Amino acid sequence: MSQSYLGLLGQALVQAESFVLFYFIAVNGFYLLLLVSAALEMRRHVLLIEGESRWRLISSAMSPTVSILAPAYNEAATVAESLRALLALHYARLEVVIVNDGSKDATMDVLRDSFDLVAVHAVFEQVIATKPVRALYRSRTYPGLVVVDKENGGKADALNTGLNFAQGELVCALDADTLIEADGIQRLVRPFLHAPRTIASGGTIRIVNGSEVSQGRVMRTHVPANAIAGLQVVEYLRAFLFGRLGWNRLGGNLIISGAFGLFSRDAILKAGGYRHDTVGEDMELVVRLKRLSYERGEPGDIAFVPDPVAWTEAPENLRTLGRQRDRWQRGLADVLWRHRAMFLNPRYGVTGLIVFPYYVLVELFAPVIEAFGVIGLVVGLAFGLVDWAFAALFYLTAYGLGTTLTALTLVLEDLSFHRYSTLRDRLLLVGWTLLENLGYRQLTVWWRLRGLWSYLRGRKQWGAMERRGFVAKASSSKPLV
Amino acid sequence: MIEASLLDWVLAGEGGIVIVAVAFYLLHGVWLQRRSLEEQALRTAGRASLARLLAPNGAVTAHDVASIRSLPVRIQIPLFNELSKNVAGAQKSTLRELARTLGLVSRAKRECTSRRWPRRLRGARFLAQLGEPDALVLSLLRDRHPAVRAQAAEWAGTDPSPEVVAAMLELLADPATLSRFAVQDALLRMAEPMMVPLAEYLVVREGTAALAGLRVAAATGDGRFHEIALHFSHDMAPDGEAAAASAELLAAIGGAEAANRLLAMTTFDAERAQIAAIRGLGRMRHWPAASRLAAMLEHPRWKVRHAAALALRTIGAPGVLLLRRARAGESVSAAEIARLVLDLPDAVR
């Protein structure tokens, strides 16, 4: 009897492992396609910007006006430096709207003292409903600075408040802890000039840990020696340089990072602004914009540009990183579920038929299938139903393919922007690339599974985020807005 | 069943690939770094030679020319590009002459006729930055690739012949926004040579092309566009974009007729045009319009109220007086917007 059960189990396992193998080959095949697409796109982009002079864009009366929306929550320690860096960005037609989202610390006092603020009567057109605005300030020394003090309502609410006050044709949504390179906005504006149907553009996010930062600018780039941050450097390079860049040619992006993205203000306002009831508000907005563009027959191109760079601080401990990944996965699941009508729906063109299914089948369910495959292998090995050599070969192939993809991303980085130049940095990058699939990847699978489970149980909190701060030796712990 | 030897082969293969890849990556890094250091040294030497050649009282010495000639072309071109942006007049002429002597100009012209767009773009970029006039620009203004057309527009600004201006005006209707932006910017910087052709162009155009042209005209504020501005101010298209641009133009030109027209436009239904007219009256500091603007502080649309309040403030004393009255008045909406604008610091206009 037990023999027949084992036989059935064996057959089921073989079927399941065959499915996992097929899925694995299909996904990696698609990754390779993305990589080729990214390489072609990178070549085109490098040729386009080689020797480019952007002074016309900076100084022309014809350039689009840009409003930066920067929500701040309990940022007293860093807000002045971050804001000075924003005001010093190399773009003439720039407005900075900083929204104090009911901070409990001295954020508002620091802003008042550092930027010569004067309170003005806070009347405005509330295009999008938000939590009440407590006060509105303008600066006597920085005409382009608008400071809004409001009751706490979360990041989405703060961004919506910023949208109500912004005057620019384009709005750039930032995370409070993001450092933009001085020419980042000029570079991010280009897709709006290149293609009239562009409604959003996103740039590359890189990890600042290990680099030298001064006055809100990254002075020297380095790969962090901390393993957790270092592994994320490799992960971010792969996500941005081949993931998002590759999609430019294969149907457009569905994600613009909330940490650094530029949007048409009219398009966001028409769409109703950011949603409060999701942890993936940045992705939700982009998917909604894309969906509405199909439904209303309006422009809806979403471009990724690899050269504008913003820097963000990566978590350096597993607990915080786990919470972050858990949240990302919950956000992804929530957004894909809300817009499930797009799945394989020809009404939504390439987005409905290729991009959306990719996010569902690969980004959302990959951890489930990966975990399923690993558990199946372990069970099979335990009961002697799977050949150990097959299991080893499977793992080696997976490891080899994963590492090759990351290594090719490093080559892409090397041949394009070449940010990490010292031997130490290169050795570290190689080291983190080789180590990524030995434990770290499996951990991310676990966190993502946990995120999915939490989503299914209806959890919607952001979770606390511990940060070390950009300034050397500074140590602060602050929740994200 | 899988043979154990296969596993060994795979393991050995992957190990080999990893070792080769790591070695290649590191060696490539070393090569890149060495090349970067070498290029830096060559650029420093090249910059010093070029600086001597371009010094106000400096004489062109054969030694310096030879030292620049000895540099690889991949170093010469960025050096010339870098310097071109920062010099003008006699120095730029010397630079152009030197580029011709070194064969860089003829090389760039050859690139402009290449079948591959990146080369055409590179050639046009070099010649544009150097300000080297050439008839090639006309064909590049009609190039297939929008980036090349945009670059050609920048280049065309350096030698605005009537043919070039005519070709650029045609690009105002370009569906690619990049070239349209470049043309608008180049026309604006060109100033005088494009005024009459643009005015003539606008007489017979409408839609996107007219709007792009009107925006250029508005930025110049030249009186020769007066009739055109009046003409487009009657454009009642629902989005009001053309009328709005014409309002900006009228405000920039000024005069009693323009002010009267702007006053009439404040009653438009198209919000964009209405707001542009209100702003225009403020920009002209047309105080006789103050009472009309004060009445608009009670307008049902917030943007209109806001524009009217800002315009009153810009007008000066009479406008501020009316704002103060509105602040103390019975209309809540007028009082609120007046208070907001009166509170604004001087730096904020």
Apart from one, (1) of a type in the set (Val, Ile, Thr); (2) within 11 Å of chain A (Cβ to nearest Cβ); (3) under 14 Å from B:Ile278 (Cα atoms) all hold for B:Ile315; the odd one out is (2)
Scanning region A:422-456 for residues that are assigned to a helix (DSSP H, G or I) and of a type in the set (Val, Ile, Thr), the one nearest to the other protein chains (Cβ to nearest Cβ) turns out to be A:Val430
Taking region A:94-109, which residues are more than 27 Å from the chain's Cα centre (by Cα) and surrounded by 21 or more Cβ atoms within 10 Å (Cβ to Cβ)? none
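I'm checking my understanding of the structure. Among residues of region B:295-308 that are within 10 Å of chain A (Cβ to nearest Cβ) and closer than 22 Å to A:Gly144 by Cβ, which one is surrounded by the fewest Cβ atoms within 10 Å (Cβ to Cβ)? If you could, list the steps in order and put the result at the bottom.
Here is the first cut: in region B:295-308, the ones within 10 Å of chain A (Cβ to nearest Cβ) are B:301-303, B:305-306.
The next check asks that each one be closer than 22 Å to A:Gly144 by Cβ; those that pass are B:302-303, B:306.
Details: B:Trp302: 16, B:Lys303: 14, B:His306: 20.
Here the answer is B:Lys303.
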For strands (runs of 3 or more DSSP E) lying entirely in region A:166-222, having 1 or more residues that are within 14 Å of chain B (Cβ to nearest Cβ) and crowded, with 21+ Cβ neighbours inside 10 Å picks out A:170-174, A:198-207
Picked from region B:28-67 (must be without any contact (Cβ under 8 Å) to a residue 12 or more places away in the chain and charged (D, E, K, R)), the residue farthest from the other protein chains (Cβ to nearest Cβ) is B:Glu38
For region A:168-192, enumerate the residues that are of a type outside the set (A, V, I, L, M) and either closer than 25 Å to B:Ala147 by Cβ or at pLDDT 90 or above (or both). A:Gly168, A:Glu169, A:Cys172, A:Glu181, A:Asp183, A:Gly184, A:Gln186, A:Arg187, A:Arg190, A:Pro191, A:Phe192
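Restricting attention to strands (runs of 3 or more DSSP E) lying wholly within region A:37-149, give those where 3 or more residues are over 20 Å from A:Leu159 (Cβ atoms). Let's see the steps before the verdict.
On the way: elements: A:66-72, A:94-101, A:117-120, A:133-139.
Output list reads A:117-120.
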Mind checking which pairs have a first residue in region A:193-216 that is at pLDDT below 90 and a second that is among the acidic types (Asp, Glu) and surrounded by fewer than 23 Cβ atoms within 10 Å (Cβ to Cβ), Cβ under 8 Å, 6 or more apart or different chains? A:Ala195/A:Asp301; A:Arg197/A:Asp301; A:Gln215/A:Glu81; A:Gly216/A:Glu81
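Tally up the residues in region B:68-86 that are more than 14 Å from chain A (Cβ to nearest Cβ) and surrounded by fewer than 18 Cβ atoms within 10 Å (Cβ to Cβ), please.
Initial filter on region B:68-86 (more than 14 Å from chain A (Cβ to nearest Cβ)): B:68-72.
Now restrict to residues that are surrounded by fewer than 18 Cβ atoms within 10 Å (Cβ to Cβ): B:69-70, B:72.
The total comes to 3.
I'd like the residue in region B:318-349 that is among the basic types (Lys, Arg) and in a helix (DSSP H, G or I) and, out of all such residues, is farthest from the other protein chains (Cβ to nearest Cβ). Steps first, please.
Restricting attention to region B:318-349, the residues satisfying the condition of being among the basic types (Lys, Arg) are B:324-325, B:327, B:339, B:349.
Filter once more, so that each one left must be in a helix (DSSP H, G or I): B:324-325, B:327, B:339.
On the way: B:Arg324: 13, B:Arg325: 16, B:Arg327: 9, B:Arg339: 4 Å.
Only one residue fits best here, namely B:Arg325.
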The condition from (1) under 24 Å from the mean Cα position of the chain (by Cα); (2) of a type outside the set (Ser, Thr, Tyr); (3) crowded, with 16+ Cβ neighbours inside 10 Å; (4) away from chain B (no Cβ under 13 Å) that A:Leu377 misses is numbered (1)
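Can you report the number of residues in region B:200-209 which are modelled with pLDDT under 90 and assigned to a helix (DSSP H, G or I)?
Residues that pass the stated criteria total 4.
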With criteria (1) surrounded by fewer than 18 Cβ atoms within 10 Å (Cβ to Cβ); (2) more than 11 Å from every other protein chain (Cβ to nearest Cβ), A:Ala389 comes up short on (2)
A:Leu159 is checked against (1) in contact with a Phe, Trp or Tyr (Cβ under 6 Å, 6 or more places away or on another chain); (2) under 30 Å from B:Leu323 (Cβ atoms) and fails just one. What number does that condition carry? (2)
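For region B:160-176: of the residues being surrounded by 20 or more Cβ atoms within 10 Å (Cβ to Cβ) and over 16 Å from B:Ala210 (Cβ atoms), which is modelled with the lowest pLDDT?
The selected residue is B:Pro160.
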Six or more apart or on different chains, Cβ atoms under 8 Å: show the pairs whose first residue is in region B:78-94 and in contact (Cβ under 8 Å) with a residue 12 or more places away in the chain and whose second is among the small types (Gly, Ala, Ser) and not in a loop (DSSP other than H, G, I, E, B). B:Leu79/B:Gly46; B:Phe80/B:Ala99; B:Lys92/B:Ser84
For A:Leu401, only one of the following conditions fails: (1) away from every other protein chain (no Cβ under 11 Å); (2) within 30 Å of A:Met342 (Cβ to Cβ). What is its number? (1)
Checking A:Asp307 against (1) farther than 23 Å from A:His194 by Cα; (2) under 17 Å from the mean Cα position of the chain (by Cα); (3) not aliphatic (A, V, I, L, M), only one condition comes out false. Which one? (1)
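The values are calculated or read from the model by the stated rules, or taken from the named source; none is laboratory data. Values in this document were obtained by computation on a predicted structure and should not be read as measured data. A quick note on method: Cβ atoms are made from the backbone with ideal geometry, for glycine too, and the neighbour counts reach across all protein chains shown.
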